[in-house]
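**Q** Quick one: the structure is below, questions incoming.
The values are calculated or read from the model by the stated rules, or taken from the named source; none is laboratory data. Here the structure is a predicted model, which means the values were calculated and not measured. No Cβ is skipped: glycine too gets one built from the backbone with ideal geometry, and neighbour counts run over all protein chains shown.
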Amino acid sequence: MQLELAIVSLFFYLFSIFLFVNKKASWALFALLLGTITIRLFMSNELPYLNDWDERFHALVGKNMIENPLKPTLYNHPLLPYDIKDWDKNHIWLHKEPLFLWIIGLSIKIFGVSELAVRIPSIIASCILVLISYRIGSLIRNKNTGFIAALLMSTNYFSLILCCGFMGMEHNDTLFLLFVSLSIWSWVEWIFSKNNKWIILIGIFSGGAILIKWVVGLLVYLVWFLYSFLVEKSFFTRKNIVLIPLSLLCCLAIVVPWHIWIFSMYPQEAQLEIGLFFTRFSKNVGQATVTNKLYYLDELKNTYTYLFLFIVPSLLIFIKRDKNWKILAVFMLSILFVYTFFSIASTKTPAYVYVVALFVFLFISIGLDYLSALITKNNYFFMLTLLGIAYININVTDLVLVYQPNNTCYWGGQRKRKIHNTNYFKLLATELKPKNDVVIFCKNKDEIEVIFYTGCTAYPAIDSTQIDTIQNLHKNIFAFDTKELPSFVTNNKNITILPFEYKTNEW
């Protein structure tokens, strides 16, 4: 199956490039979308389990929200006391905004409890991002720029590992990029058409972005602000005084009701998470300590491969005062703002700045288009250029290394353990009763996956008092054989030791 998906994906990309070079842009875009889907299905199938950080948590909360969309929970039915400060162990879960969790929950409702169901929203989001990239590139410059930008968005290695859940905050960041990009697309359409229906959509999409990952979802208003100063020399024009408040009202109509709800229903948890959000700027929260202020510049090659260097020739647009250079100047200023803001912030992860990926791909595509046109007008040379872009952007060398059977990196070394345990968790779902059964002595936070697949409450190692608490609730207790079970578990006749070789380390 995997080999077939890889071959089909390669075919669609090659066919898409061939069609575009032969002036069949619509069919080329359609083939590119098929390539986008198949390569992400390939990536998803390579990891047939929920990744540790943070996919399994998002999957479980999304699944729980099917039952009650207004009550986000991690432990749906906690049996033991918990600390609301422990976001990975508590009941009410406000650690992330709800929109992407609702979308994941809807996907699970439609497609069933599986890893693919959790990832389908990111696959669909990637397809929409490809279309947005093509449209904006075509509007601002030409179809070549649009197609290269779409190809970059489709094949970007960082996007692929987000979609398959391997990179932390995976679907959260993919859907955040989608909604921010939709708001930017709406703004660009408004600039070119002056149709005020786009003002409403700017507000709706930016509101959706905030309901995924907070205030950076307002990025479109920074773009609008900068453009007004660059073109009209003032932000407070008669047009802006009317249209921006209208757009912001639409944004607030999306965002405010949810926050009124959580502060009225779950005030302690809501206050804690709001405080944590602001703490991230001044203090490192939940991530490895990074002292390098140039961290995000160093990460450029990992996020965009060395194709990011093609941003340099794209800067000719500002020297030549090329078509729509003022819009592109605003995009460049927005990239600089986002990178500066997150470089100053104490908490750092590679995906924080990925919100401006659309802008980065546009500049890389302009640089590549400039250089290929400068060298030759030959269509076949342009086709070879596009093939080279796709090869580098997918990071084929890294993919081949990662999938070697004896690879010792997390993806390779831990993959066998994760697949082995996940297959058993799925088997347990057919044997255990969610309302009556409890699983204990999970390791590596596997309790989250056990709850996701089986619906049963699950815990890591617990003491004898906690076991008594669960037994007093008339629950059946099952324990994983970790080879380190204490005597109060092995000697308790009311606890069933699961007959399964539970893997706790890579092997």
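**Q** Does any residue of the range 343-365 turn out to be under 28 Å from VAL21 (Cα atoms), in contact (Cβ under 8 Å) with a residue 40 or more places away in the chain, crowded, with 20+ Cβ neighbours inside 10 Å and hydroxyl-bearing (Ser, Thr, Tyr)?
**A** Yes, the conditions are met somewhere in the range 343-365.
**Q** Suppose we filter the range 462-484 for residues that are within 22 Å of LYS418 (Cβ to Cβ) and modelled with pLDDT of 95 or more; how many remain?
**A** Count: 3.
**Q** Further, regarding this structure: Specify the residue that is nearest to the chain's Cα centre (by Cα); the eligible residues are those in the range 368-389 that are closer than 19 Å to ALA28 by Cα and of a type in the set (Val, Ile, Thr).
**A** This residue is ILE389.
**Q** Which of (1) out of contact with any helix residue (DSSP H, G or I) (no Cβ under 7 Å at 6 or more places or on another chain); (2) outside any helix (DSSP H, G or I); (3) at pLDDT 95 or above does VAL439 not meet, given it meets every other one?
**A** Failed condition: (1).
**Q** If you don't mind, another one. Which residue pairs have Cβ atoms under 7 Å apart, sit 6 or more places apart or on different chains, and have a first residue in the range 297-323 that is touching a residue at least 12 places away in the same chain (Cβ under 8 Å) and a second that is of a type in the set (Ser, Thr, Tyr) and part of a helix (DSSP H, G or I)?
**A** THR303/TYR354; THR305/TYR157; PRO313/TYR370; SER314/TYR370; LEU316/TYR370
**Q** Condition (residue is of a type in the set (Ser, Thr, Tyr) and out of contact with any helix residue (DSSP H, G or I) (no Cβ under 6 Å at 6 or more places or on another chain)) applied to the range 230-246: is it met by at least one residue?
**A** Scanning the range 230-246 turns up at least one residue that is of a type in the set (Ser, Thr, Tyr) and out of contact with any helix residue (DSSP H, G or I) (no Cβ under 6 Å at 6 or more places or on another chain).
**Q** Can you tell me which of TYR13, TYR49 is aromatic (Phe, Trp, Tyr) and more than 21 Å from ILE448 (Cα to Cα)?
**A** TYR13
**Q** Follow-up question, since we're still on this one. Output the number of residues of the range 312-337 satisfying the condition of being of a type outside the set (D, E, K, R) and either outside the structural domain of TYR157 (by TED's automatic domain parsing) or assigned to a loop (DSSP other than H, G, I, E, B) (or both).
**A** 2
**Q** Next question. With the requirement that a residue be assigned to a loop (DSSP other than H, G, I, E, B) and touching a helix residue (DSSP H, G or I) at 6+ places or on another chain (Cβ under 8 Å), what does the range 338-375 give you?
**A** ALA345, SER346, THR347, LYS348, listed by residue number.
**Q** So in the range 451-476, with the set limited to residues that are assigned to a strand (DSSP E or B) and in contact (Cβ under 8 Å) with a residue 40 or more places away in the chain, which one is farthest from LYS63 (Cα to Cα)?
**A** If we take residues in the range 451-476 being assigned to a strand (DSSP E or B) and in contact (Cβ under 8 Å) with a residue 40 or more places away in the chain, then ASN476 is farthest from LYS63 (Cα to Cα).
**Q** Considering only residues that are touching a Leu at 6+ places or on another chain (Cβ under 7 Å) and more than 12 Å from THR422 (Cβ to Cβ), which ones fall in the range 449-458?
**A** ILE451, CYS456, THR457
**Q** Next question, about the same structure. Collect the residues in the range 231-247 that are within 19 Å of LYS326 (Cα to Cα) and either among the hydroxyl-bearing types (Ser, Thr, Tyr) or not assigned by TED's automatic domain parsing to the domain that holds ILE202 (or both), keeping them in residue-number order.
**A** The answer is SER234, THR237.
**Q** Looking only at the range 235-265, filter to residues that are assigned to a helix (DSSP H, G or I) and not hydrophobic (A, V, I, L, M, F, W, C); which one of those is nearest to VAL220 (Cα to Cα)?
**A** SER247
Rundown of residues vs (1) crowded, with 21+ Cβ neighbours inside 10 Å; (2) in contact (Cβ under 8 Å) with a residue 12 or more places away in the chain, yes/no style:
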residue	(1), (2)
MET43	yes, yes
GLU46	no, yes
ASN51	yes, yes
GLU67	no, no
ASN76	no, yes
HIS91	no, yes
TRP102	no, yes
VAL113	no, yes
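**Q** Conditions first: (1) aliphatic (A, V, I, L, M); (2) more than 20 Å from THR457 (Cα to Cα); (3) in contact with a helix residue (DSSP H, G or I) (Cβ under 8 Å, 6 or more places away or on another chain); (4) in the same structural domain as ALA270 (by TED's automatic domain parsing). ILE7 passes all but one, so which condition is the exception?
**A** Against the list (1) aliphatic (A, V, I, L, M); (2) more than 20 Å from THR457 (Cα to Cα); (3) in contact with a helix residue (DSSP H, G or I) (Cβ under 8 Å, 6 or more places away or on another chain); (4) in the same structural domain as ALA270 (by TED's automatic domain parsing), ILE7 comes up short only on (3).
**Q** Read through the list (1) farther than 16 Å from GLU55 by Cα; (2) outside any helix (DSSP H, G or I), then give the number of the only condition that GLY137 fails.
**A** (2)
**Q** Given the condition without any contact (Cβ under 8 Å) to a residue 12 or more places away in the chain and at negative phi, answer yes or no: does some residue in the range 148-168 qualify?
**A** no
**Q** Within the range 64-72, identify whether any single residue is part of a helix (DSSP H, G or I), touching a helix residue (DSSP H, G or I) at 6+ places or on another chain (Cβ under 6 Å), modelled with pLDDT of 95 or more and among the aliphatic types (A, V, I, L, M), and answer yes or no.
**A** Yes, some residue in the range 64-72 is part of a helix (DSSP H, G or I), touching a helix residue (DSSP H, G or I) at 6+ places or on another chain (Cβ under 6 Å), modelled with pLDDT of 95 or more and among the aliphatic types (A, V, I, L, M).
**Q** For ASN142, work out the one condition from (1) at pLDDT below 95; (2) polar (S, T, N, Q); (3) within 21 Å of ALA6 (Cα to Cα) it doesn't fulfil.
**A** Against the list (1) at pLDDT below 95; (2) polar (S, T, N, Q); (3) within 21 Å of ALA6 (Cα to Cα), ASN142 comes up short only on (3).
**Q** Residues that are buried (at least 24 other Cβ atoms within 10 Å of the Cβ), touching a residue at least 60 places away in the same chain (Cβ under 8 Å) and more than 17 Å from the chain's Cα centre (by Cα): does the range 119-128 have at least one?
**A** no
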